[in-house]
Amino acid sequence: MREIPVKLITEKVRDLCMKANTDIGDDVLQAFDLAMEKEESPLGLEILKELKENARIATEENVPICQDTGFAVVFFELGQEVHLVGGDLNGAIQEGVRQGYRDGYLRKSICHPFTRANTGDNTPAILHTEVVPGDKIKITIAPKGGGSENMSRVVMLTPSDGVEGIKRFVVQRVKESGSNPCPPTIVGVGIGGTFEQAALLAKKSLLRPLGSKNPNPELDQLESEILTEINNLGIGPQGLGGRTTSLAVHILMMPCHIASFPLAVNIQCHAQRHKEIVI
């Protein structure tokens, strides 16, 4: 049994919150480069260049990529051979988010649903915990902006809708979203499970590196087909026209009930913010 103090969890969460909001991943920057090679719209091409320049400035000057520094979503994988000591795990994570948004001068965006009164420190964070084999901890921080989250949906299709029903719904969701999620987007798709599990699958799918293949050949092909249809919509970078409406479609799937066909679409903005660490 390996002991890890929760104080260390707080420190790592603090650092990840700041890093995720200022440092775009290399996979995203490479996706911008590939998009610029294919983009036919002069305005679309210019916007992609500006997005890449914005990412450079954010990293070099240590300032947020976007004014919306997001709802802090935390994926926490806990090795079953780990014993956390010195306090409460949830409390330690919330304190890490509190410190990260304070020390990084990141906008606090979390408020009461009715009164809209701000909580003042960007907590509570959303915590998804999974117990896994081993004696390590993996923490992933994925700040989620309001513009992209607002365009996301969960729907209960009928089994007869099939794969074509998935394609129709996902493409239509992107079409209706237009410029709101700050395209070029990454489209996370969750298929199967239950109502809430489909949504979680869609969000987790966004953590996969851009440019990577889906390990399931059937889903890899489906991702490619949906992405082609999306980029034929003509929405383009920032919604101003072009062939680069989305950088990628990522799908996660699991079995579902014989009477159900859950489908979730979680749209992510072009920044694809997330950082992780293994302890």
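The values are calculated or read from the model by the stated rules, or taken from the named source; none is laboratory data. Model, not experiment: these values are computed from the prediction. Because the Cβ atoms are built from the backbone with ideal geometry, glycine has one as well, and the counts that use them run over all protein chains shown.
Scan segment 239-276 for residues that are among the polar types (S, T, N, Q) and over 26 Å from residue 100 (Cβ atoms) and the total you get is 4. Criterion applied to 84, 106, 78 was being touching a residue at least 24 places away in the same chain (Cβ under 8 Å), part of a loop (DSSP other than H, G, I, E, B), more than 27 Å from residue 173 (Cα to Cα) and not polar (S, T, N, Q), and the one residue passing it is 106. Just one of the listed residues (174, 170, 187) is β-branched (Val, Ile, Thr), under 19 Å from the mean Cα position of the chain (by Cα), in a strand (DSSP E or B) and under 16 Å from residue 268 (Cα atoms), and it is 187.
Residue by residue through segment 12-38, note down the ones that are in contact with a Leu (Cβ under 9 Å, 6 or more places away or on another chain) and small (Gly, Ala, Ser). Answer for segment 12-38, where residues must be in contact with a Leu (Cβ under 9 Å, 6 or more places away or on another chain) and small (Gly, Ala, Ser): 25, 31, 35.
Select the strands (runs of 3 or more DSSP E) contained entirely in segment 238-279, then report the ones holding at least 3 residues which are under 21 Å from residue 215 (Cβ atoms) and either at pLDDT 95 or above or in contact with a helix residue (DSSP H, G or I) (Cβ under 6 Å, 6 or more places away or on another chain) (or both). Spell out the reasoning first.
Numbers: elements: 246-256, 261-268, 275-278.
Strands (runs of 3 or more DSSP E) meeting the threshold: 246-256, 261-268.
The requirement of being within 21 Å of residue 203 (Cβ to Cβ), of a type in the set (A, V, I, L, M), at pLDDT 95 or above and out of contact with any Leu (no Cβ under 7 Å at 6 or more places or on another chain) is satisfied by residue 187. Looking only at residues in segment 113-150 that are in a loop (DSSP other than H, G, I, E, B) and of a type in the set (Asp, Glu), which one is nearest to residue 185 (Cα to Cα)? Top of the filtered list is 121.
Checking segment 151-164 against the condition returns a match, with at least one residue being assigned to a strand (DSSP E or B), basic (Lys, Arg) and under 19 Å from the mean Cα position of the chain (by Cα).
Let's see how each residue does on (1) outside the structural domain of residue 199 (by TED's automatic domain parsing); (2) buried (at least 18 other Cβ atoms within 10 Å of the Cβ); (3) over 21 Å from the mean Cα position of the chain (by Cα):
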| site | (1), (2), (3) |
| --- | --- |
| 31 | yes, yes, no |
| 48 | yes, yes, no |
| 59 | yes, no, no |
| 69 | yes, yes, no |
| 81 | yes, no, yes |
| 84 | yes, no, yes |
| 92 | yes, yes, yes |
| 102 | yes, no, yes |
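Residues considered: 204, 213. Of these, the only one that is crowded, with 16+ Cβ neighbours inside 10 Å, charged (D, E, K, R) and not in a strand (DSSP E or B) is 204. Just one residue in the set 230, 235 is within 28 Å of residue 47 (Cα to Cα) and either in a loop (DSSP other than H, G, I, E, B) or among the hydroxyl-bearing types (Ser, Thr, Tyr) (or both); that residue is 235. So is residue 182 surrounded by 14 or more Cβ atoms within 10 Å (Cβ to Cβ), modelled with pLDDT of 95 or more and out of contact with any strand residue (DSSP E or B) (no Cβ under 9 Å at 6 or more places or on another chain) or not? So residue 182 passes the test.
Residue pairs whose Cβ atoms lie under 8 Å apart, sitting 6 or more positions apart in sequence or on different chains, and linking a residue in segment 48-67 that is touching a residue at least 40 places away in the same chain (Cβ under 8 Å) and at positive phi to a partner that is surrounded by 15 or more Cβ atoms within 10 Å (Cβ to Cβ) and not aliphatic (A, V, I, L, M), are 62/22. Among the residues here, residue 110 qualifies as more than 23 Å from residue 138 (Cβ to Cβ), within 19 Å of the chain's Cα centre (by Cα) and not basic (Lys, Arg).
Residues of segment 113-146 that are buried (at least 16 other Cβ atoms within 10 Å of the Cβ) and at negative phi: 121, 123, 125, 137, 138, 139, 140, 141, 142, 143, 144, 145.
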